[in-house]
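S.K.: Pasting in a structure now, in structure tokens, and then I'll have a few things to ask.
The values are calculated or read from the model by the stated rules, or taken from the named source; none is laboratory data. These numbers come from a predicted model, not from an experiment. For neighbour counting, all protein chains shown are included, and Cβ atoms are generated from backbone atoms with ideal geometry for every residue, glycine included.
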Amino acid sequence: MSHYLAQTDNPVGSSVLFIDTNASNPALLVCADQRIRAVKNLLQCLSLISASSSDPHVLSGVCEASALLLQEGCDLLGVLTLREDKVH
């Protein structure tokens with residue numbers, strides 16, 4: 001595994017955001033947890049919005065932010081999974 005792993009939500013042909021694969025397990029877990037909890041909070045807010053009164057742009061923005069944060073959380077957990085696979 002290289003020192004920096006490009007996140008999968010980078011635009012095609014552009015690797016701008018990376019994960020430091022040498023970061024400690026606790027640091028990776030805290031970052032993944034933060035992103036997954038943020039998605040949970042966004043979705044909770046979304047559940048409170050009335051379908052008839054919601055702006056489609058707001059809905060689209062919440063969905064996009066949720067997808068990006070969830071993908072980042074999954075990427076961080078993926079680094080931990082790769083580490084675990086190397087150990088066994």
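S.K.: GLY61 - would you say it is of a type outside the set (A, V, I, L, M, F, W, C), on the phi < 0 side of the Ramachandran plot and surrounded by 15 or more Cβ atoms within 10 Å (Cβ to Cβ)?
M.R.: It is false that GLY61 is of a type outside the set (A, V, I, L, M, F, W, C), on the phi < 0 side of the Ramachandran plot and surrounded by 15 or more Cβ atoms within 10 Å (Cβ to Cβ).
S.K.: Take the residues in region 1-26 that are of a type in the set (Gly, Ala, Ser) and at pLDDT 95 or above; name whichever of them is surrounded by the most Cβ atoms within 10 Å (Cβ to Cβ).
M.R.: The first filter runs over region 1-26 and keeps only residues of a type in the set (Gly, Ala, Ser), leaving 2, 6, 13-15, 23-24.
Within this subset, residues satisfying the condition of being at pLDDT 95 or above are 23-24.
Working: ALA23: 15, SER24: 9.
Top of the filtered list is ALA23.
S.K.: Is there any pair linking a residue in region 27-41 that is in contact (Cβ under 8 Å) with a residue 24 or more places away in the chain and surrounded by 19 or more Cβ atoms within 10 Å (Cβ to Cβ) to one that is polar (S, T, N, Q) and not in a helix (DSSP H, G or I), with Cβ under 9 Å and at least six apart or on different chains, and which?
M.R.: Correct list of pairs: LEU28/THR21.
S.K.: Could you identify the single residue in VAL30, VAL39 that is touching a Leu at 6+ places or on another chain (Cβ under 8 Å) and either assigned to a helix (DSSP H, G or I) or modelled with pLDDT under 85 (or both)? Reasoning before the result, please.
M.R.: Values: VAL30 fails: touching a Leu at 6+ places or on another chain (Cβ under 8 Å).
Unique residue meeting the criteria: VAL39.
S.K.: State yes or no: is LEU70 surrounded by 12 or more Cβ atoms within 10 Å (Cβ to Cβ) and at negative phi?
M.R.: Yes: the conditions hold for LEU70.
S.K.: Right, something else. Quick one: in region 79-88, which of the residues that are surrounded by fewer than 16 Cβ atoms within 10 Å (Cβ to Cβ) and of a type outside the set (Lys, Arg) is nearest to ILE19 (Cα to Cα)?
M.R.: Going through the qualifying residues, I end up with LEU80.
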